[in-house]
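The values are calculated or read from the model by the stated rules, or taken from the named source; none is laboratory data. This structure is a prediction, so every number in the text was calculated from the model and none was measured. Note that we place each Cβ from the backbone using ideal geometry, even for glycine, and neighbour counts take in every protein chain shown.
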Amino acid sequence: MNTSELIVSVSGIRGIVGESLPPDAAVRFAAALGTYLKGGKVLVSRDSRPSGDMLRHAIFAGLMATGCAVEDIGIQPTPTVGIAVRTLNAAGAIQITASHNPSPWNGLKLFGRDGAVLPAAAGLEIKKLFEAGPISFAPWDRVGSAGVPPNVEEDHAERVLKQVSVATVAAGQFRVFVDGNGGAGGPLAVDLLASLGCEVVQLNCEQNGVFAHEAEPIPAHLTDIAPWVSQHGCHVGCVLDPDADRLALIDETGACVSEEATVALAIKYRLRQDRGAVVVNMSTSRMNEDLAKLAGCEFYRSAVGEANVVEKMRAVKAVIGGEGNGGVIDPRVGWVRDPYVGMALILSLMAEEGKPLSQLVAELPTYSMLKTKFTVARERLGEAFGKLEKKWPTAAKDTLDGLRLDGPDWWLHVRASNTEPIVRVIAEAPTADAARQLCDEAGAIVSG
């Protein structure tokens, strides 16, 4: 099987359907997971991309062929899958999703028994099985079964509602705009917000896989959506990505909020509830570190990747964590990036402080971040890292994940992406010009 164009990593596989991601790749990857798990109950879910239904059948074949009992939970947000694994006592799960990639893409994301995305070590074992075997196929009389379990969404909503005061949020009488962008997360968002006593204005909340705008919910992709918030008199706008593990915010004026602010606002409120450790990844804003220190709490960074953040959170018993792409992780709810608990925490902050979202964002520590990317062969990174260290010799160096350099009021992170054939160069500094200069100078070195 030719996997030269298929992205295969410890996080799963991802590719273009009909080109780099053929159905036989999905069958084999599912069989690799089934071999690793040695059978047992495995949940299968998908986001709303039309190709997901085709891949679902391929995944059923791969899992059942290795003796797994497959339970189809249908179109679900990714964090709901993690919760369902624990609720249904499954050995693992596969979520069919390409996250923020465009419609032609799809992929497989793997979960373990604990309801978290599989850690790197387990992912590496499955990657090796996928690429070289051996796959443990079951004999004819031990082939797995297929079924449909009870509804799993209600448990997710209940877990979120338990973490905040519903009465306090309801007293805020919030009018909330929700854009599901045709993905998996719209219906649960609408139901959850209604349970919080909010009036909901919904757009593109059908799970039809039709993306009304580009899939990644960043400000540059939301310029057509943002005015809806102020036009409909909403207090906040919430935008989801296709598999609903990211939350982008739009304030009451119709201004898009940096995706970095989602985690920061959630952390600010969570530390009001309980003091404890905070974990974010190495490419996430320094304002989270400032908020943790202000609250007298420990702060840690992990390698980029949800599984890495979760592993560090567990190690330090963190009360909250996340990634700067709009992904909030609250261990009271689950070990997956969860926009729903993010909504609940941020609405609680707005209600308790009696301040509009724009003011809460303005009161966060002020930094400017720039995220750039370059098409560069991974083999060239070692040489580039050496040159970057010489460029900024007084900066603190961290090689946990690529290369991170920390100056007195700035940082720079250069790493190869796990999900795309690119190198990311991210910088944060007190001003936009300073961040741009860091990215430009680092990018010139990386790209040669």
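Can we say Lys162 is out of contact with any Phe, Trp or Tyr (no Cβ under 9 Å at 6 or more places or on another chain), closer than 19 Å to Arg246 by Cβ and of a type in the set (D, E, K, R)? Taking the combined requirement at face value, the residue does not satisfy it.
So, Ala429, is that one surrounded by 21 or more Cβ atoms within 10 Å (Cβ to Cβ), touching a residue at least 12 places away in the same chain (Cβ under 8 Å) and either outside the structural domain of Lys127 (by TED's automatic domain parsing) or within 30 Å of Leu6 (Cα to Cα) (or both) or not? Yes, satisfied.
Just wondering, is there one or more residues in region 60-71 that are under 28 Å from Ala212 (Cβ atoms) and not assigned by TED's automatic domain parsing to the domain that holds Cys205? No: region 60-71 contains no residue that is under 28 Å from Ala212 (Cβ atoms) and not assigned by TED's automatic domain parsing to the domain that holds Cys205. Val280 fulfils the conditions (1) of a type in the set (Val, Ile, Thr); (2) free of Cβ contacts under 8 Å to residues at least 40 places away in the same chain; (3) part of a strand (DSSP E or B) except for a single criterion, (2). Picking from residues in region 262-313 that are basic (Lys, Arg) and closer than 16 Å to Leu345 by Cα, the one that is surrounded by the most Cβ atoms within 10 Å (Cβ to Cβ) is Arg270. Condition check: part of a helix (DSSP H, G or I), outside the structural domain of Leu188 (by TED's automatic domain parsing) and either of a type in the set (Asp, Glu) or under 22 Å from Gly15 (Cα atoms) (or both). Does Gly52 satisfy that? Spelling it out, Gly52 is indeed part of a helix (DSSP H, G or I), outside the structural domain of Leu188 (by TED's automatic domain parsing) and either of a type in the set (Asp, Glu) or under 22 Å from Gly15 (Cα atoms) (or both). Criterion applied to Leu370, Leu403, Leu345 was being in contact with an Asp or Glu (Cβ under 9 Å, 6 or more places away or on another chain), over 19 Å from Glu441 (Cα atoms) and not β-branched (Val, Ile, Thr), and the one residue passing it is Leu345. Would it be correct to say that Glu216 is surrounded by 14 or more Cβ atoms within 10 Å (Cβ to Cβ), modelled with pLDDT under 95 and closer than 25 Å to Arg56 by Cα? Considered against the rule, which asks whether it is surrounded by 14 or more Cβ atoms within 10 Å (Cβ to Cβ), modelled with pLDDT under 95 and closer than 25 Å to Arg56 by Cα, Glu216 comes out as yes. Counting residues in region 387-399 that are within 27 Å of Ala220 (Cβ to Cβ) and in contact (Cβ under 8 Å) with a residue 60 or more places away in the chain gives zero. Kindly indicate which of Val328, Val376 is touching a residue at least 40 places away in the same chain (Cβ under 8 Å) and touching a Lys or Arg at 6+ places or on another chain (Cβ under 9 Å). Result: Val328 is the single residue among Val328, Val376 that is touching a residue at least 40 places away in the same chain (Cβ under 8 Å) and touching a Lys or Arg at 6+ places or on another chain (Cβ under 9 Å). Contact annotation: residue pairs with Cβ atoms under 9 Å, 6 or more positions apart or on different chains, pairing a residue in region 295-315 that is free of Cβ contacts under 8 Å to residues at least 40 places away in the same chain and assigned by TED's automatic domain parsing to the domain that holds Met282 with a partner that is in a loop (DSSP other than H, G, I, E, B) and of a type in the set (Lys, Arg), are Ala295/Arg275; Gly296/Arg275; Cys297/Arg275; Val309/Arg337.
Scanning region 165-213 for residues that are crowded, with 16+ Cβ neighbours inside 10 Å, part of a loop (DSSP other than H, G, I, E, B) and not hydrophobic (A, V, I, L, M, F, W, C) yields Gly172, Gly180, Asn181, Gly182, Gly183, Gly185, Gly197, Asn204, Gln207, Gly209, His213. Scan region 1-14 and give yes if some residue there is part of a loop (DSSP other than H, G, I, E, B), over 29 Å from Glu259 (Cβ atoms) and β-branched (Val, Ile, Thr), otherwise no. Checked against the condition, which is being part of a loop (DSSP other than H, G, I, E, B), over 29 Å from Glu259 (Cβ atoms) and β-branched (Val, Ile, Thr), region 1-14 yields at least one hit.
The condition of being among the small types (Gly, Ala, Ser), modelled with pLDDT of 95 or more and assigned by TED's automatic domain parsing to the domain that holds Gly67 does not hold for Ser165.
The one condition from (1) assigned to a loop (DSSP other than H, G, I, E, B); (2) among the hydrophobic types (A, V, I, L, M, F, W, C); (3) closer than 16 Å to Ala429 by Cα that Ala261 does not meet is (1). Checked against the criteria, Ser136 does not count as more than 30 Å from Leu400 (Cβ to Cβ), surrounded by fewer than 22 Cβ atoms within 10 Å (Cβ to Cβ), polar (S, T, N, Q) and touching a strand residue (DSSP E or B) at 6+ places or on another chain (Cβ under 8 Å). Comparison of Phe137, Phe174 shows that the only residue that is in contact (Cβ under 8 Å) with a residue 12 or more places away in the chain, more than 29 Å from Glu71 (Cα to Cα), of a type outside the set (Lys, Arg) and not assigned by TED's automatic domain parsing to the domain that holds Leu349 is Phe174.
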